[in-house]
1. Is there a residue being closer than 30 Å to VAL220 by Cα and part of a strand (DSSP E or B) anywhere in segment 264-276?
2. Which of the residues belonging to segment 136-165 are aromatic (Phe, Trp, Tyr) and more than 25 Å from the chain's Cα centre (by Cα)?
3. Evaluate the following for THR133: is it surrounded by fewer than 13 Cβ atoms within 10 Å (Cβ to Cβ), under 36 Å from the mean Cα position of the chain (by Cα) and not in a helix (DSSP H, G or I)?
4. Out of everything in segment 43-61 that is under 50 Å from the mean Cα position of the chain (by Cα) and at pLDDT 90 or above, what residue ends up being surrounded by the fewest Cβ atoms within 10 Å (Cβ to Cβ)?
5. Restricting to segment 177-211, and then to whatever is touching a residue at least 24 places away in the same chain (Cβ under 8 Å) and of a type in the set (Val, Ile, Thr), can you tell me which residue is nearest to THR133 (Cα to Cα)?
6. When both residues are 6+ apart or on different chains and their Cβ atoms are under 7 Å apart, which pairs have a first residue that lies in segment 285-309 and is part of a helix (DSSP H, G or I), and a second that is modelled with pLDDT under 70?
7. Can you find even one residue in segment 33-42 that is within 18 Å of ASN216 (Cα to Cα) and surrounded by 14 or more Cβ atoms within 10 Å (Cβ to Cβ)?
Amino acid sequence: MEERIYNVTEFNRMVKGYIDENPNFQEFFLKGELSGITYYKSGHLYFTLKDTKSQIKCAAFNYKFKRIPEDLKEGDSIKIFGDVGFYETRGDFQVLVRHIQKEDKLGEMFAKLEELKKILEKEGLFSPLFKKTLPKYPKAIGVVTAYTGAAFHDIINTTRKRFSNIDIYIYSAKVQGIGAKEEIVKGIQTLNKISDIDLIIAGRGGGSVEDLWAFNEEDVARAFYESEKPIISAVGHEIDNLLSDLVADIRAATPTQAIEIAIPVKKDIEKQLLEKEIKVKNCINRLIKNKKNDLNQLKENYVLKNFIKTIEEKNYELLLKEEKLNKGLKEVLREKSYEIKIRTEKLIALNPLEILKRGYTITRKNQHIVKDCKKLKVGDRIETILRDGKIISKVEEIN
């Protein structure tokens, strides 16, 4: 067997690559007993999870934002959800915790959620190909949230600060507990039927994992996907993406951020328009100035300044050419007339009729001129043409 020798860095890098690329080490549940729990002021939680034979180090960074309980104690039986983390430099191996539950309920919920995610992803509900673009300047927005919640007031206040002219349609819905998913779905469907609305925001403020779970329901996710209008998922949380975040056209960390994404600041638009107006005016002024300069240069142009004189000179030149042409035509016509006269006289002299006048005749047989006796035989009918008529005769003798 070939001897393989690695240095420490190479070996650790190989181990990390294997762990990072192996799906078995990502997004799994692990249960056991707590030991060595330490909550740090930095917001991180470290502990050991063990069973009767083995133990493993675990870390939950920013545990408060992950809604991890702050009353965990030695010996608690828990189920965690997380990934394997391997720090290449130190060679440390531990589980990076996303969630902790003291009972099986939450773990089961997340397990079912992961299965649902796979189904929806396979159907294409998360595909960027189906994400709609938000309108650049919406005139009206629809909001699905609890009318009494803080999210509602944040949306109203933020909208009014950014663009007071925008209309807001609110569909008050339960956002947690029994009946929440049905009301959220109904709200999205109802706002889609209002033609004035340009986009929809559906969400709520923060809360526990259980409080936010309505936005992980399959019916809610499909309502987000089937929305004909662009829709933003705006649920305040720090855990992994909810189903509504994955399916929505845009995901916002909070309802306030959703407004900041969807609605421009009116003052910024006015400033931009003013800047563009100034640019256009400057461009027009430069164009006018350039045209004036061009016009002034044309006014000083020699040809334009002496245009009348130039026309008169050209007219005089044209008159001289016309006289020269007429003179030339007269000489040519005189020469051509003389040539025509000579040729006419020649043609007249060669005219057969003129020859007949001098006593000559023309003999024809069958309309063909007879030039010698060989063309005739006794008995032929011939025609003799004279100056003033013709004679039809029959050949009696040929000498």
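1. So far as segment 264-276 goes, no, none of its residues is closer than 30 Å to VAL220 by Cα and part of a strand (DSSP E or B).
2. Of the residues in segment 136-165, the ones aromatic (Phe, Trp, Tyr) are 137, 147, 152, 163.
Within segment 136-165, TYR147, PHE152, PHE163 qualify.
3. Numbers: surrounded by fewer than 13 Cβ atoms within 10 Å (Cβ to Cβ): yes; under 36 Å from the mean Cα position of the chain (by Cα): yes; not in a helix (DSSP H, G or I): yes.
So THR133 fits the description; yes.
4. Top of the filtered list is HIS44.
5. So the residue we want is ILE200.
6. LEU298/LEU304
7. No - not one qualifying residue is present in segment 33-42.
The rows are residues; the columns are (1) among the charged types (D, E, K, R); (2) in contact (Cβ under 8 Å) with a residue 24 or more places away in the chain.
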| site | (1), (2) |
| --- | --- |
| GLU2 | yes, no |
| VAL15 | no, yes |
| GLU21 | yes, no |
| LEU30 | no, yes |
| LEU34 | no, yes |
| GLY43 | no, no |
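The values are calculated or read from the model by the stated rules, or taken from the named source; none is laboratory data. This is a predicted model, so every value here is computed, not measured. Positions of Cβ are generated from backbone atoms using ideal geometry, with glycine treated the same way; all protein chains shown enter the neighbour counts.
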